[in-house]
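Novice: Sharing a structure below in structure tokens format, with a few things to ask.
The values are calculated or read from the model by the stated rules, or taken from the named source; none is laboratory data. Computed from a prediction, not measured in an experiment: that's the story for all the values here. Glycine also receives a Cβ, built like all others from the backbone with ideal geometry; neighbour counts cover every protein chain displayed.
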Amino acid sequence: MKIFISWITKSLLVLMATLGLQAVQAQGLNFSRGSIDFDNTVAGSVSPEETVTVQFFGPIPPLLNVNSITPPANPAFTVVNNSCLEGLYPQFEPCTITFTFTAPAMAGPVSDTFSFESTELGVESIILRGSSDGATPQTIAFTSTPPDPAPVGGSYNIAATGGESGEPVVFSIDASAAEICSVTNSTVSFLSVGTCMVNANQAGNGAYFAAPQEQQSFAVTAAPTANPGTPEPVPALGTWAAMLLSALLAGAMAVLQLRRKGRRPSGS
């Protein structure tokens, strides 16, 4: 009988020790998922929402004082919803956090944490992991040629193609040529003599890098001098003026002939 009682006592002690160990292991903030591995890897793609449930299990202390909460610093991980706040956490009262992951432009693995810090238990964290295939480069190419010459007062419609991001190619005048030319949308105007330099830029997005800047430069020349034009023609003589001139010429010829013959005109 004593042996049986001793066996029961030992069994109870083992059971109590096991339960006590499990209770100790269960204490703290329990996460329904201690880590999340996001599957989307295409640059710019956004994952489905992933939710973690957080609960505090005692028994010591009856309330857990969460001093601070630190969300992920990496912008690839977004906290969509969060009901887990700083303050006292009663036992068994759940809160939830919902995350998404946006695959970044740079290729490679990405990781971060969402952390809770308490005086009693220190730092406990949810681990977030993802990866990206990387963004696609894009380039700009000018498809228009500036006029030659490009005189002051003139203008030029500039054009260029970009990458496949769908973002527009935007033109601007380089600071070095601010007094030489200007641009409005795609029309370049020539302001003064010098070198005009036009910058072309295309922004990126999640799936494409921004294109490297391209430049087009050309000489702006002086405006041509005004054409003096054709001299005004001498106006033609009118009919009466022509008859008078003809009569005067005829009289002069008659006087000349008489003098050659040694005769004077009558009345002289």
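Novice: Collect the residues in the stretch 104-138 that are over 30 Å from Phe56 (Cβ atoms) and not hydroxyl-bearing (Ser, Thr, Tyr), keeping them in residue-number order.
Specialist: Pro104, Ala105, Met106, Ala107, Gly108, Pro109, Asp133, Gly134, Ala135, Pro137, Gln138
Novice: Can I ask one more? Has the stretch 225-241 got at least one residue that is within 60 Å of the chain's Cα centre (by Cα), surrounded by 10 or more Cβ atoms within 10 Å (Cβ to Cβ), modelled with pLDDT of 70 or more and not in a helix (DSSP H, G or I)? Can you show your working first?
Specialist: From the stretch 225-241, those within 60 Å of the chain's Cα centre (by Cα) are 225-231; that's our starting set.
Adding the requirement that they be surrounded by 10 or more Cβ atoms within 10 Å (Cβ to Cβ) leaves none.
Checking the stretch 225-241: not a single residue is within 60 Å of the chain's Cα centre (by Cα), surrounded by 10 or more Cβ atoms within 10 Å (Cβ to Cβ), modelled with pLDDT of 70 or more and not in a helix (DSSP H, G or I).
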